[in-house]
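Below is one structure, written out as structure tokens, with a few remarks after it.
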Amino acid sequence: MRKNYFTLALRNLRRNKFYSLLNTGGLAIGMAVALLIGIWVWDELSFDKDNRNYTHIAQVVQNEKNNGELSTVFVMPFPLADELRHHYGSNFKAVVMGTNMFDHVLAAGDKKFTKTGAFFEAGAPTLLDLRMIKGTGDELKEPATILLSESIAKACFGKKDPIGLSMKLDNDQVVKVAGIYTDLPANSTFANLGFIASWPTVYKAWGMKDWPNPWRPNAFRIYVLLSDNADLARISANIRDAKIINIHPEERVQDPRLFLHPMSKWHLYSDFKNGINAGGRIGYVWLFGIIGVFVLILACINFMNLSTARSERRAREVGIRKTLGSRRWQFIHQFLAESLFVAGLSFIAALFLAEFALPAFNDLSGKSLTILWSNPLFWAIGIGFTTLTGLIAGSYPALYLSSFKPVRVLKGQFRAGRLAAVPRQALIVLQFTVSIILIIGTVVVFRQVQYAKNRPMGYDNNGLVMLWTSSDDIHKHFDAVNRELQQSSTILSMTESDSYVSNYSSTTSGIEWPGMTTGQGQDFPFMAIGYDYGRTVGWEFVAGRDFSRDYAGDSSGLIVNEAAVHYMGLKDPIGTRVKWHGTPLTIIGVMKNSIIESPYAPIRPAIAYLSRDVSNIVTLKINPRLNAGQALARIEAVYKKYAPGQLFNYRFADNVYAQKFGDEQRVGRLAGAFTALAILISCLGLFGMSSFMAEQRTKEIGVRKILGASVPTLWRLLSKDFVLLVLLSLGIATPIAYAAMHQWLGNYAYHAPLSWWIFTTAGAGAIGITLLTVSAQTIKAALANPIRSLRSE
């Protein structure tokens, strides 16, 4: 019997090749999209779970009061780690301090590389759950030691055993390789951690023992490994005051309070607003998860619509077989088996489509995902959903057609009835409601990105090249390098700073100004810059000037932005005397508000001061008469002349700024691709349904043509029902999309308006797509010869 079901299913597929292709193709595309989104969501949800300490790791974070609001800070002063160990140690198995991950220069013999790494205390290998290939990780207790990832070790030393060998870190620190660990997985917070250098190395290099007030700078990350059965909320409450009781009374205005942020929330719940967790990437997980479900629903609707529509043509088959003795349960089994068979074919096709599309999907999403072939859950979900889809789609013909009376069917008295099409029409409305919502959402995302891009930056990043340096070689020869490059007309100007032009290196408190009120503390982002910085990057000054060698007093000068002037309430800021941790400074310039941080967030009050020792970043303005390749070649030649031991690491300022839109642009591209696929699936279903309806009304069309109906009249007759359904979809989709997009845009301080034309354009586009899709079949039916359709009457 089962073999017979299989044979009948194949026979029906071959007999109706066009509809079979639409059925399996639409469902396969929907399943493929769901598969790709599913593995993306799986990757996001499994972030950091490779760490066996996953449930017991947390980061120490602090909330500070700034301008009446709480801001969340992820860096701490370095004495805090010892404070936690000595006074709160019973709560933790380990307390580990480290730096942020930065690019550093590693040199092994003649080989030099720029690799990402960090300095950590000795407990890092255990806390990070490093899989040590060589060494134990305890070697970090010794000064001047380094642990390398497996890939970095191979790049630096090839097949040679590197244990015990020396290498240079940042051109001046000699370190000994003490261990090799397996590269951390891509879906890990520390995925790019190519090496770990011992803490005594950075402690000595940064001269931390000589810091006058070590509790003041927030510069380091502190991670903890919780004790077994530890209660996170209780420990957070316990350590809450661990910092404030140690800082100077005048610094307590910001009221810093500590708490623990668990590893399980690092990736998906990293955003804080006013001291409260406000989500993060979990929003994207929900977004793509919903899109995946929507696309899959659209495909299932197509499958069910075409399956039920075509099944009505098999009423005569049911009648004949019933007169020959077939039972109702046999029909139910047969129709369900056929539906399951088609759904199974679609699932197999979806696997091939997903594998084929995976490279392009990885490129769009910025990941390196693979199909989870060996994951039992993947197969359980896939097969389970395929079975459910097949059963639902086959339930209508199985239960409805099997109930027909054979006498009525064979006499030709069977009619589907006016209400038979209502479920299919409702499903079409649902299809286009979803499609229109996706269209509107995609347009809004792209507009938001473009809106943020068009915000005035407050500086000119065209032709700006930023060189990261790991020593002070260029700083020592700054005047010579500047002179050579300007004499060769390679650059217009050159300067130094402690951070890239589109990023602040740190924040600071302790600023006092005339008229400051009690409790008006503010964590000011600040930059340490050299002479001519404003001229080089194109700062726009609304008052005052840039730092200049022509003014000896600029060493005690300060440049502030408009937001700082407004916050301080200064009416005439130039010449105003302020204090920074007791040191008197004079405001010499007010720069126009510049987008240094997020282009979607309000611009914070910020300051810049002159430093004669800054050497981290060298920024150059390229002569616009030279192309980038020529300019870089000349700059590199001069750079290597004065810094022969350094790698030439450069970044264009416009590329760095563009990275600020990475997440939103990626979301927009992915949403656009999925929306296009959703529309394609809807069109496939609409095409199949219009073709089926035209086929059903062949004789009606023939009669109307004989009675004088024109082709446009017939086209309008056959198309209007579908257009009305799309208009109904637009009416349902518009308020839903408006509410969803209004809420999404509310996450941004600066956002594009929700203009009426977005909804109008989406509706017009949906109607246009509908007419194009339906017209192919309606015009064909209207042009058919009526004699051929009526000659059997």
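The values are calculated or read from the model by the stated rules, or taken from the named source; none is laboratory data. Just so it is clear, the structure is predicted and the values come from calculations on it, not from any experiment. Cβ coordinates were reconstructed from backbone atoms using ideal geometry, including for glycine residues, and neighbour counts include every protein chain displayed. To get the accessible areas, we keep the full protein, side chains included, count just its heavy atoms, and leave off ligands, DNA and RNA. Shrake-Rupley method; radii C 1.70, N 1.55, O 1.52, S 1.80 Å.
Check whether at least one residue in the stretch 493-502 is modelled with pLDDT of 90 or more, small (Gly, Ala, Ser), open to solvent by less than 30 Å² (accessible area, probe 1.4 Å) and touching a Lys or Arg at 6+ places or on another chain (Cβ under 9 Å), and report yes or no.
Looking for residues that are modelled with pLDDT of 90 or more, small (Gly, Ala, Ser), open to solvent by less than 30 Å² (accessible area, probe 1.4 Å) and touching a Lys or Arg at 6+ places or on another chain (Cβ under 9 Å), one finds at least one in the stretch 493-502, hence yes.
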Long-range neighbours under 7 Å by Cβ, at least six apart or interchain, first residue open to solvent by 50 Å² or more (accessible area, probe 1.4 Å) within the stretch 662-683, second of a type in the set (Gly, Ala, Ser): 666/365; 666/366
Would you pick out the residues in the stretch 351-366 that are crowded, with 18+ Cβ neighbours inside 10 Å and not aliphatic (A, V, I, L, M)? 361, 365
Looking at this structure, is residue 129 under 33 Å from the mean Cα position of the chain (by Cα), of a type in the set (D, E, K, R) and open to solvent by 30 Å² or more (accessible area, probe 1.4 Å)? no
Can you work out which of the residues in the stretch 106-144 that are of a type in the set (Asp, Glu) and in contact (Cβ under 8 Å) with a residue 12 or more places away in the chain is nearest to residue 221 (Cα to Cα)? 121
Can you tell me which residue in the stretch 600-622 is farthest from the chain's Cα centre (by Cα), limited to those that are at pLDDT 85 or above and part of a loop (DSSP other than H, G, I, E, B)? 611
For residue 147, work out the one condition from (1) under 29 Å from residue 217 (Cβ atoms); (2) part of a helix (DSSP H, G or I) it doesn't fulfil. (2)
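Go through 378, 331, 335, 347 for me and flag whichever is modelled with pLDDT of 85 or more, farther than 19 Å from residue 677 by Cα, among the aromatic types (Phe, Trp, Tyr) and open to solvent by less than 50 Å² (accessible area, probe 1.4 Å). Quick ask: steps written out before the conclusion?
Working: 331 fails: modelled with pLDDT of 85 or more; 335 fails: modelled with pLDDT of 85 or more; 347 fails: farther than 19 Å from residue 677 by Cα.
Going through 378, 331, 335, 347 in turn, just one is modelled with pLDDT of 85 or more, farther than 19 Å from residue 677 by Cα, among the aromatic types (Phe, Trp, Tyr) and open to solvent by less than 50 Å² (accessible area, probe 1.4 Å): 378.
With 192, 218, 213 as the choices, which residue is buried (at least 21 other Cβ atoms within 10 Å of the Cβ) and modelled with pLDDT under 95?
Details: 192 fails: buried (at least 21 other Cβ atoms within 10 Å of the Cβ); 213 fails: buried (at least 21 other Cβ atoms within 10 Å of the Cβ).
Only one candidate passes the filter, namely 218.
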Can you spot a residue in the stretch 250-269 that is farther than 24 Å from residue 215 by Cα, out of contact with any helix residue (DSSP H, G or I) (no Cβ under 9 Å at 6 or more places or on another chain) and touching a residue at least 40 places away in the same chain (Cβ under 8 Å)? yes
Residue under question is residue 158, and the condition is that it be free of Cβ contacts under 8 Å to residues at least 24 places away in the same chain, in contact with a strand residue (DSSP E or B) (Cβ under 8 Å, 6 or more places away or on another chain) and open to solvent by 10 Å² or more (accessible area, probe 1.4 Å); does it hold? no
Test: residue 573 is in a loop (DSSP other than H, G, I, E, B) and either touching a Lys or Arg at 6+ places or on another chain (Cβ under 9 Å) or at pLDDT 90 or above (or both): yes
Using beta carbons and a limit of 8 Å, which pairs, at least six apart or on different chains, have the first residue in the stretch 534-556 and open to solvent by 60 Å² or more (accessible area, probe 1.4 Å) and the second one of a type in the set (A, V, I, L, M)? 540/591; 541/590; 541/591; 542/590; 542/591; 545/588; 551/588; 555/610
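Would a scan of the stretch 571-582 turn up a residue that is under 24 Å from residue 475 (Cβ atoms) and surrounded by 13 or more Cβ atoms within 10 Å (Cβ to Cβ)? Give the steps one after another, and end with the answer.
First, the residues of the stretch 571-582 that are under 24 Å from residue 475 (Cβ atoms): 580.
Those left that are additionally surrounded by 13 or more Cβ atoms within 10 Å (Cβ to Cβ): 580.
Yes; the residues of the stretch 571-582 include at least one that is under 24 Å from residue 475 (Cβ atoms) and surrounded by 13 or more Cβ atoms within 10 Å (Cβ to Cβ).
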Just the residues that are outside any loop (DSSP other than H, G, I, E, B) and small (Gly, Ala, Ser), please, taken from the stretch 265-300. 283, 289, 292, 299
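Taking the criterion of being in contact with a helix residue (DSSP H, G or I) (Cβ under 9 Å, 6 or more places away or on another chain), modelled with pLDDT under 85 and in a loop (DSSP other than H, G, I, E, B), would at least one residue in the stretch 588-598 satisfy it?
Going residue by residue through the stretch 588-598, those that are in contact with a helix residue (DSSP H, G or I) (Cβ under 9 Å, 6 or more places away or on another chain) are 588-595, 597-598.
Checking the rest, the ones that are also modelled with pLDDT under 85 come to 597-598.
Narrowing the set further to residues that are in a loop (DSSP other than H, G, I, E, B) leaves 597-598.
So far as the stretch 588-598 goes, yes, one or more of its residues are in contact with a helix residue (DSSP H, G or I) (Cβ under 9 Å, 6 or more places away or on another chain), modelled with pLDDT under 85 and in a loop (DSSP other than H, G, I, E, B).
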Looking at (1) touching a Gly at 6+ places or on another chain (Cβ under 8 Å); (2) modelled with pLDDT of 90 or more; (3) aliphatic (A, V, I, L, M); (4) open to solvent by 30 Å² or more (accessible area, probe 1.4 Å), which is the one condition that is false for residue 268? (4)
Per the filter on the stretch 237-256, residues charged (D, E, K, R) and modelled with pLDDT of 90 or more are 240, 241, 243
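Which of the residues belonging to the stretch 194-239 are in a loop (DSSP other than H, G, I, E, B) and under 32 Å from the mean Cα position of the chain (by Cα)?
Going residue by residue through the stretch 194-239, those that are in a loop (DSSP other than H, G, I, E, B) are 194, 206-207, 211-219, 227-231.
194, 217, 218, 219, 231 - these are the residues of the stretch 194-239 that are in a loop (DSSP other than H, G, I, E, B) and under 32 Å from the mean Cα position of the chain (by Cα).
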Can you find a residue that is crowded, with 22+ Cβ neighbours inside 10 Å and more than 22 Å from residue 575 (Cα to Cα) anywhere in the stretch 506-518? no
Selection from the stretch 706-728 of residues closer than 15 Å to residue 769 by Cα and open to solvent by less than 60 Å² (accessible area, probe 1.4 Å) yields 719, 722, 723, 725, 726
Within the stretch 451-468, identify whether any single residue is open to solvent by 50 Å² or more (accessible area, probe 1.4 Å) and touching a strand residue (DSSP E or B) at 6+ places or on another chain (Cβ under 8 Å), and answer yes or no. no
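Checking the conditions here, which among 46, 71 is among the hydroxyl-bearing types (Ser, Thr, Tyr), in contact (Cβ under 8 Å) with a residue 12 or more places away in the chain and crowded, with 17+ Cβ neighbours inside 10 Å? Reasoning before the result, please.
Working: 46 fails: crowded, with 17+ Cβ neighbours inside 10 Å.
It is 71.
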